[in-house]
Structures are given as structure tokens and as C-alpha cells.
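Engineer: The structure is given below, and queries will be raised subsequently.
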Amino acid sequence: MKKRVYRFFIDYEKEERWVNEMADRGWNLKKNVVGYFVFEKGTPGQYIYRNEFVKRKSKDYFEFLDTMNIECVYRFGGWAYYRKPKSEGPFELFSDTTSKISYLKSMNRIFILLLLLNIMAGLYNLSIGTWGPSVRLLNASVGCMNFIVSIMACISIIKNENRKKRLKENLHIFEG
């Protein structure tokens, strides 16, 4: 039995928690494409899921995960979902705080690029929509969508910067 759910997340950690809650209820993730989740009925609590931004990850990286019995469930765009049997205990994709901080920095680089491109495209589309001849409404609508995407990118950047700040604070506490 399959279950399809449309749910959009700006925060990747909240998304991961929700997918794990679904798994605890017996719904195992099969596919995820920008807010469209496909689950398959299984044993409740069988798997633990993690998601990751995987831009520039090599084939060796995925082979390494396989050796650790971490299955890549689905990859789309720059994101991947992994799972591991819960019976093998919890797992994390990052072994230390420094690698987690580096991960957040690389993710924010993409979000900053997305932010800048959408601001430029939004300004361009709104200017055409305001002063252009025939396709005003369409361009103005696309411009508004660009600004909505910009706001979502800003929210993600701010959340990641706050996460980095907390991790750096914890790093200094443990270093003494």
C-alpha cells in the first residue's frame, strides 16, 4: 500500500523529523520531489531516515555509505534521503561538529546564490510587468513568485546561520 503526501518544508531538519515520525507509524519513504512524498506501508519503527544536501558528492561517498549499511532511498536535485535499520542503532551523517559547520556553509552558498538570482529575476519581471506592454500580469506574477522564493531562501539561510552559531558555541565549550 502506498501513501502520497504533499507537504512543503523550508527547514530540512523539520522535514527529516516528520519523515522519521512517518516511519515510526510504519510509512517508509520511497520518493521525495519538492514537497511530494511517496511512502510505502511497512513495519513501524523499522528505519531511521536522514536527509542531506549532496551537491558535489562523489560515487565513493555513496559507496562508503553502502559499506556502513546506509541505503540511499532517493536523490532529487541536490538532496538525498538515506535510511538505516533502527535495530542497528542511531546514525548521523556527520562525525564531528566541524564537518557539520562545513556542511551548513556549503548549503548556504547555494541558498545565497538562489536568493540573489531570484531577487534579480524578480526585479526584472516586476519591471517588465509594470512598464511592459502585453504580458504585464504574467511577468508581475512571476516576479512575485521570485520574491517568495527569495524569502524562503532567506529563512533557510538565517536558520542555517543560527545552527552554525550554536555549533560553534558548543565547539568552544568542548575545546575549553
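Engineer: Looking at the range 137-148, is at least one residue outside any strand (DSSP E or B), in the same structural domain as R17 (by TED's automatic domain parsing) and aromatic (F, W, Y)? Step through it out loud before you land on a result.
Structural biologist: Initially, the range 137-148 is screened for residues outside any strand (DSSP E or B), giving 137-148.
Applying the additional criterion that residues be in the same structural domain as R17 (by TED's automatic domain parsing) yields none.
No, the range 137-148 has no match at all.
Engineer: Quickly run through the range 48-92 and pick out the residues that are of a type in the set (S, T, Y) and over 19 Å from the mean Cα position of the chain (by Cα).
Structural biologist: First, the residues of the range 48-92 that are of a type in the set (S, T, Y): 49, 58, 61, 67, 74, 81-82, 87.
Listed by number, the residues that qualify are T67, S87.
Engineer: Count, please, the residues in the range 14-34 that happen to be touching a residue at least 24 places away in the same chain (Cβ under 8 Å) and exposed (fewer than 14 other Cβ atoms within 10 Å of the Cβ). Even if it seems obvious, please write down each step before you answer.
Structural biologist: Narrowing the range 14-34 to residues touching a residue at least 24 places away in the same chain (Cβ under 8 Å): 15-16, 19-20, 23, 27-34.
When the remaining residues are screened for being exposed (fewer than 14 other Cβ atoms within 10 Å of the Cβ), the result is 33-34.
Count: 2.
Engineer: If I filter the range 83-94 for residues that are surrounded by 14 or more Cβ atoms within 10 Å (Cβ to Cβ), in contact with a Leu (Cβ under 6 Å, 6 or more places away or on another chain), in the same structural domain as V34 (by TED's automatic domain parsing) and in a strand (DSSP E or B), do I get at least one hit?
Structural biologist: So far as the range 83-94 goes, no, none of its residues is surrounded by 14 or more Cβ atoms within 10 Å (Cβ to Cβ), in contact with a Leu (Cβ under 6 Å, 6 or more places away or on another chain), in the same structural domain as V34 (by TED's automatic domain parsing) and in a strand (DSSP E or B).
Engineer: Looking at the range 35-47, I want the residues that are surrounded by fewer than 13 Cβ atoms within 10 Å (Cβ to Cβ) and have a partner that is part of a strand (DSSP E or B) with Cβ atoms under 7 Å, at least 6 apart or on another chain. Which pairs are those?
Structural biologist: Correct list of pairs: G35/Y6; K41/W27.
Engineer: Still on this structure, I have one more. Within the range 33-71, count every residue that is touching a Gly at 6+ places or on another chain (Cβ under 7 Å), assigned to a loop (DSSP other than H, G, I, E, B) and closer than 18 Å to P85 by Cβ. Give the derivation first.
Structural biologist: The initial filter retains those residues of the range 33-71 that are touching a Gly at 6+ places or on another chain (Cβ under 7 Å), namely 41-44, 53-55.
Adding the requirement that they be assigned to a loop (DSSP other than H, G, I, E, B) leaves 42-44, 54-55.
Add one more test, that the residue is closer than 18 Å to P85 by Cβ, and what stays is 42-44.
Looking only at that region, the number is 3.
Engineer: If you don't mind, another one. Which of the numbered conditions does V54 fail, given that it passes all the others? Conditions: (1) out of contact with any Phe, Trp or Tyr (no Cβ under 7 Å at 6 or more places or on another chain); (2) touching a residue at least 24 places away in the same chain (Cβ under 8 Å).
Structural biologist: (1)
Engineer: Oh, and also: When both residues are 6+ apart or on different chains and their Cβ atoms are under 8 Å apart, which pairs have a first residue that lies in the range 115-132 and is under 21 Å from I158 (Cα atoms) and assigned to a helix (DSSP H, G or I), and a second that is aromatic (F, W, Y) and modelled with pLDDT of 85 or more?
Structural biologist: N118/F147; I119/F147; G122/F147
The values are calculated or read from the model by the stated rules, or taken from the named source; none is laboratory data. Remember, it's a predicted structure, so these values are computed and weren't measured experimentally. Glycine also receives a Cβ, built like all others from the backbone with ideal geometry; neighbour counts cover every protein chain displayed.
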